[in-house]
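Participant: Have a look at the structure that comes next, please.
Nothing in this text is a laboratory measurement; each read-out follows from the coordinates by a stated rule. Being a predicted model, the structure only gives us computed values, none of them experimental. Methodologically, a virtual Cβ is constructed for each residue, glycine included, from the backbone with ideal geometry; neighbour enumeration extends over all protein chains shown.
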Amino acid sequence: MLVAGDDVEPALLAEVSTLGHPPRVIALFRRREPSAAAEVSLALWRVSDPGNVGALLRSADAFGAGVMLSEGCADPFGPKALRAAMGSTFRVPLARFELRNAVALVADGGEPLADVELERYSTFVLGAEREGLPAEVVAQCEARATIPVRGVESLNVAMAGTIALYERARRDLS
């Protein structure tokens, strides 16, 4: 770890930073290999926005879940994803995308999330921001759920994943 003013000149940290206000501390870490899936996981299908990937990592951390990433997902170790995850990247189990005991979160056409027996499923499958989930991925899921909304077409993928994890955790605690 390097601390500005102690280990390195603050101007040098400012030079290597992509932020408008450079950090006072930087650290290097070894990238870890994907692990086994967690008991409850978010499976991300081609979620390409690093801010959404980071926000979903943070939500998974908050609710004790893991994250599975398909090819085409943003790098969870990229600068924007790391910033959005606020440290959760280093605590959340990361695994390769796998459809097991899964419920697809779809913008419309699914059973309302409140009516789905969430305790029966261990994986919430979320699709890319614009395209959603392709039919072949939805067909491999045991259920489809929709979060009812008013006034908008759909929710941001990070918001939808957070709501699903919250609802599952809320029911587990009841």
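Participant: For the chain, find the longest principal axis of its Cα atoms and tell me its angle to the long axis of helix 157-173, 0 to 90°, nearest 10.
Facilitator: On a 0 to 90 degree scale, this one is about 70.
Participant: Only helical DSSP H runs with n ≥ 4 go in: add -39500 (n - 2.57) per run for the chain, normalise by residue count and round the 222 nm mean residue ellipticity to 500 deg cm²/dmol. It would help to have the intermediate numbers written out before the result.
Facilitator: On the way: 5 runs with 49 residues, N = 174.
Calculated at 222 nm, the ellipticity per residue is -8000 deg cm²/dmol.
Participant: Rounded to the nearest 10 degrees, what's the angle between the helix 50-62 long axis and the longest principal axis of the chain, both from Cα atoms, 0 to 90?
Facilitator: On a 0 to 90 degree scale, this one is about 80.
Participant: Give the long-range amide H neighbours of residue 48: residues separated by 5 or more places, or on another chain, with amide H under 5 Å away, using H modelled in the peptide plane at 1.01 Å from N.
Facilitator: 74, 129
Participant: Which of the peptides 116-122, 81-87 is most tightly packed, and how do the rest follow, judged by the mean count of other Cβ atoms within 10 Å per residue? Numbers along the way, then the final one.
Facilitator: Working: 116-122: 16.0, 81-87: 18.1.
Result, highest mean Cβ count within 10 Å first: 81-87, 116-122.
Participant: Express in % the proportion of alpha carbon pairs of the stretch 1-129 at distances exceeding 18 Å.
Facilitator: Numbers: 4833 of 8256 pairs.
Of all Cα-Cα distances in the stretch 1-129, 59 percent exceed 18 Å.
Participant: Taking Rh as the Kirkwood radius computed over C-alpha pairs, what is the Stokes-Einstein D of the stretch 62-174 at 25 °C in a medium of viscosity 0.890 mPa s, expressed in µm² per second? Provide the component values of the computation, followed by the final result.
Facilitator: Details: Rh = 14.8 Å.
Translational diffusion coefficient: 165 µm²/s.
Participant: Next question. Which percent, nearest 5, of DSSP beta bridges in the chain are antiparallel?
Facilitator: On the way: 3 of 24 bridges.
Percent antiparallel among DSSP bridges in the chain is about 10.
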